[in-house]
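Every number here is computed from the coordinates shown, using simple stated rules; none is lab data. Since the model is a prediction, treat every value here as computed from it, not as a measurement. Neighbour counts are summed over all protein chains in view; Cβ atoms, including those assigned to glycine, are modelled from backbone coordinates with ideal geometry.
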Amino acid sequence: MTYTQVSGDVKVTGRRVVATIIDGIIFGILSSILTAVFGTRSNASGFNLTKLSTGGSFVLLVVVLLYYVLMEGMLGRTVGKMATGIKVVREDGTTPPGAGAALIRTLLRIIDGLFGYLVGFIIVLASDRRRRLGDMAARTQVVRA
């Protein structure tokens with residue numbers, strides 16, 4: 001694998017953290033709305049677990065997947081990234097990554113997101129171009145917009 005010199009500032013780790021928090025707040029609000037619409041689950045004793053019902057959880061999962069794949073794939077930016085002035089680009093520094101690369105990035109959030117995104121944060125800090133596992137697999141990077 002050859003190393004390509006990248007245009008753009010990849011030292012945006014702090015901005016990535018803030019963008020993730022902003023996107024998380026959006027998902028929290030959406031989860032609250034879905035809880036109001038779909039209701040909550042209760043355990044066998046009838047105690048309310050204040051979690052989304054199965055239908056609401058499925059809807060939230062689909063919306064989160066579509067949010068990342070469409071926003072990052074087509075625009076290169078989520079609302080959080082827009083607010084913090086960063087974007088996702090292909091490894092060579094050009095254009096938004098496309099839906100396929102965005103899907104790979106999104107699916108690998110399962111690993112990067114372990115322990116409150118601690119795994120992804122450590123990988124970003126340790127990598128030469130400040131990329132998390134999802135970026136490496138999708139051949140993308142996050143740069144200043």
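In table form, for the structure just shown:
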item	result
If the convex hull is drawn through the Cα atoms of region 13-144, its volume per residue in Å³	106 Å³
Protection proxy ranking, peptides 64-75, 131-142, average beta carbon neighbours within 10 Å, highest first	131-142, 64-75
Spin-label pair Asp9/Ala145, simplified geometry with 7 Å Cα→Cβ offset, distance in nm	1.5 nm
Under 5 Å, built H, 5+ apart or other chain: amide partners of Val12	none
Region 96-108 - phi-based ³J(HN,Hα) in whole Hz, Karplus 6.51/-1.76/1.60, Gly and Pro as x	x, x, x, 5, x, 5, 5, 5, 4, 4, 5, 5, 7
Distance (nanometres) between label positions extended 7 Å along Cα→Cβ at Ser32 and Ala83	1.3 nm
